[in-house]
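Report on the structure given below.
The values are calculated or read from the model by the stated rules, or taken from the named source; none is laboratory data. No experiment lies behind these values; they were computed from the predicted model shown. Here the Cβ positions follow ideal geometry from the backbone for every residue, glycine too, while neighbour counts run over all protein chains shown.
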Amino acid sequence: MCSAGRCAYAAGIMGDINPLQSLVTSAPGMRDAVDRLKRVAPTEATVLISGETGTGKELAARALHRLSARATKPLIALNLAAVPAGLLASELFGHEAGAFTGAVTRRIGQFELADRGTLFLDEVSELSPEMQVALLRVVQEGELQRLGSHQTRAVDVRLITATNKSLEEAVAAGRFRADLYYRLNVFPVHLPPLRERREDIPALADYLLRQLEPRVNKRFLGIDRESIDRLAAYRWPGNVRQLRNVLEQCAVLSDPPYVHVPRGVLSEPIGHVAHKPAAEVVQGSDLSSMLHLNAQRLIEDALEEAAGRVHGPRGAAARLGIPASTLESKIRRLRINKYRFRLSPEERAQQTA
């Protein structure tokens, strides 16, 4: 017998058995979403997937494609928010050579690339009014014109869209066309946030850990019970994507047989990283630097909780779930002064003044 997470993982890597099994769940809200995906997959209906960032909208779209009659044809995925507004028409519909400055060769757009297959458009709420009109025409007529061309081309595409915002509110506010909304919202599917499906967290964490093991070059028996309780109690503003990132960070820091999730790794304020200026994110994106800084922060948090003690059942090593000798080595390598955590905050402030 395998756990729910391991069974889901096995199904995911075996591919065609049931792609929806990769959406690990036992929660009622998510089970309803999976059932709706299962029912609509073999049809040609246009699907609108809604849910917060990180809930698995693209994973659901890929499962829909693999369960459809179009599974052997292309699946093209495009995040509309990632394409500059001035290039989006060319990206979607293509262009002829000379259509505009810089168009030196013909370009085939995403709609044509997805012909007879599936086109997944994420962040559809970000479309400008002009692009909403252009998309509506293709959806209604099933044909398009490349930029700079007068020739009409028929396309046979199953359209799946996704949004992390309320399109109903956007329609009411006049930011999104009602006629396009009704064309896209033929069959809505809502993916609930992770905080509303806490019972899924143990199996989901186990499933994600199996995916991460090759990346960290380690094998684990699982996640320790204290850490599972800590994961289940957290609100997860970044949903499944954030859970995966936390597990990867902790797997890097943990030594087998179990992954340990320290209290400090879940104490970061919501939006702390996401709202940094783009230039700052780029400059700080070196993976080794990030891991170095995160490791130092986690170890210092554990030393803080343990009043500078490394060894013993209440020491920092036990809190981090690693051998004391390993922690001592990491402390020396990171040049952390463990003795200063034996001082009170006031004494530490005076020491650094």
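Residue-by-condition table, conditions (1) within 23 Å of LEU64 (Cα to Cα); (2) free of Cβ contacts under 8 Å to residues at least 60 places away in the same chain; (3) of a type in the set (Phe, Trp, Tyr):
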| residue | (1), (2), (3) |
| --- | --- |
| THR105 | no, yes, no |
| GLY109 | yes, yes, no |
| ASP115 | yes, yes, no |
| THR118 | yes, yes, no |
| PRO129 | no, yes, no |
| LEU135 | yes, yes, no |
| VAL139 | yes, no, no |
| THR152 | no, yes, no |
| VAL155 | yes, yes, no |
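If you go through region 28-72 and pick out every residue that is in contact with a Pro (Cβ under 8 Å, 6 or more places away or on another chain) and of a type in the set (Gly, Ala, Ser), you end up with 7. In region 167-256, counting only helices (runs of 4 or more DSSP H) that sit wholly within it, the ones holding 2 or more residues that are within 20 Å of LYS57 (Cβ to Cβ) span 167-172, 178-184, 201-216, 239-253. For region 204-222, the count of residues that are in contact with a Ser or Thr (Cβ under 7 Å, 6 or more places away or on another chain) and in contact (Cβ under 8 Å) with a residue 24 or more places away in the chain is nonzero. In this entry, SER3 is excluded by the filter for residues that are modelled with pLDDT of 90 or more and not hydrophobic (A, V, I, L, M, F, W, C). All of (1) of a type in the set (Lys, Arg); (2) in contact with a helix residue (DSSP H, G or I) (Cβ under 9 Å, 6 or more places away or on another chain); (3) closer than 22 Å to ASP115 by Cβ hold for LYS38 with one exception: (3). Filter region 134-166 for residues that are within 31 Å of the chain's Cα centre (by Cα) and polar (S, T, N, Q); which is nearest to GLN110 (Cα to Cα)? Restricting to residues being within 31 Å of the chain's Cα centre (by Cα) and polar (S, T, N, Q), the top hit is THR161. For region 141-166, filtered to residues that are assigned to a loop (DSSP other than H, G, I, E, B) and of a type in the set (Ser, Thr, Tyr), the residue that is nearest to GLU126 (Cα to Cα) is SER166. Scanning region 223-268 for residues that are free of Cβ contacts under 8 Å to residues at least 12 places away in the same chain and charged (D, E, K, R), we see that the one that is surrounded by the most Cβ atoms within 10 Å (Cβ to Cβ) is GLU268.
Kindly indicate the residue of region 58-75 that is assigned to a loop (DSSP other than H, G, I, E, B) and basic (Lys, Arg) and also surrounded by the most Cβ atoms within 10 Å (Cβ to Cβ) among those meeting that condition.
The qualifying residue surrounded by the most Cβ atoms within 10 Å (Cβ to Cβ) is ARG70.
Among the candidates VAL171, VAL189, single out the residue that is within 26 Å of the chain's Cα centre (by Cα) and crowded, with 17+ Cβ neighbours inside 10 Å.
VAL189
Check region 77-88 and report whether any residue there is in a helix (DSSP H, G or I) and surrounded by 18 or more Cβ atoms within 10 Å (Cβ to Cβ). Yes, region 77-88 has at least one match. Checked against the criterion of being at pLDDT 85 or above and either closer than 21 Å to ARG230 by Cβ or not assigned by TED's automatic domain parsing to the domain that holds PRO262 (or both), the candidates ARG314, ARG309, ARG319 yield just one match: ARG309. Only one of the listed residues (ALA41, ALA33, ALA27, ALA8) is hydrophobic (A, V, I, L, M, F, W, C) and at pLDDT below 70. That residue is ALA8.
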